[in-house]
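Worksheet for the structure shown next.
The values are calculated or read from the model by the stated rules, or taken from the named source; none is laboratory data. Since the structure is predicted, the reported quantities are computational estimates derived from the model, not experimental observations. Reconstructed Cβ throughout: ideal geometry from the backbone, glycine too, with neighbour counts over all protein chains shown.
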Amino acid sequence: MLSIIQAAGWPVWPLIACSVLGLTLVIERFISLKSSKIVPPKLLEEAIMVSRTGIPGPEVVDQLEQNSVLGEVLASGFRTLSGDPNASEDDLRASLQGAGRRAGAKLQRYLGAIATIASAAPLLGLLGTVIGMIEIFASQGVDGGMGVAPGGGNPTQLAHGISIALYSTAFGLIIAIPALVFWRYFRSRVDEYLLTMELAAERFARHLLTLRA
């Protein structure tokens, strides 16, 4: 592996940095976007159950808020109604929608960085290709200091230029393709979570309206 990096030249180092950063972000998103941390299957039913006779106490609301992202949304509804037992329907829905927007921002964290890596990696590979082509053309020019006659070409420099061009292109594509796949996968997963939370918030809003004083 080290020999490949040496053959690829310095243009490969930005690509290696992108690959390390991309892998770190993908692992982080896999951990953070688990269903148990976003939308636990029975959380909505449990929140409705504990509040059938009234708004639960602050301890229960705090525990709900810390449970998951959906829990944060539901807890915002409890807090609004607890602060104003006569809160209007618009106030309740605005509170849930605001919490939902904050939840959406949390779910989409780092997705932009992954998309940027997917877009930048081929361009960095192209940059390495251009640099390799420059090396190739330079090798066909003046005396390379190895006893090669002008115009005869420098085989060592020629081979190095070809290595830079090919390895840079390959590394760029190897990084960009998985990054694009994971970005699309996470986007789809986030959209699914957002739809689930939107439906849950709508149902929860109707439940909260029955608890108003």
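I'd like the residue in region 78-120 that is among the polar types (S, T, N, Q) and under 14 Å from residue 212 (Cα atoms) and, out of all such residues, is farthest from the chain's Cα centre (by Cα). Top of the filtered list is 86. In region 2-39, of all residues being modelled with pLDDT of 85 or more and among the polar types (S, T, N, Q), the one that is farthest from residue 175 (Cα to Cα) corresponds to 36.
Residue-by-condition table, conditions (1) at pLDDT below 95; (2) exposed (fewer than 14 other Cβ atoms within 10 Å of the Cβ):
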residue	(1), (2)
147	yes, yes
158	yes, no
163	yes, no
166	yes, no
171	yes, no
174	yes, no
179	no, no
182	no, no
186	no, no
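Residues of region 110-131 that are of a type in the set (Ser, Thr, Tyr) and either loosely packed, with under 14 Cβ neighbours inside 10 Å or in a helix (DSSP H, G or I) (or both): 116, 119, 129.
Residues in region 80-109 that are buried (at least 17 other Cβ atoms within 10 Å of the Cβ) and either of a type outside the set (Gly, Ala, Ser) or in a loop (DSSP other than H, G, I, E, B) (or both): 7 in all. Scanning region 52-59 turns up at least one residue that is part of a loop (DSSP other than H, G, I, E, B) and of a type in the set (Ser, Thr, Tyr).
Restricting region 53-68 to residues that are in contact with a Leu (Cβ under 7 Å, 6 or more places away or on another chain) and of a type in the set (A, V, I, L, M, F, W, C), the residue that is modelled with the lowest pLDDT is 55.
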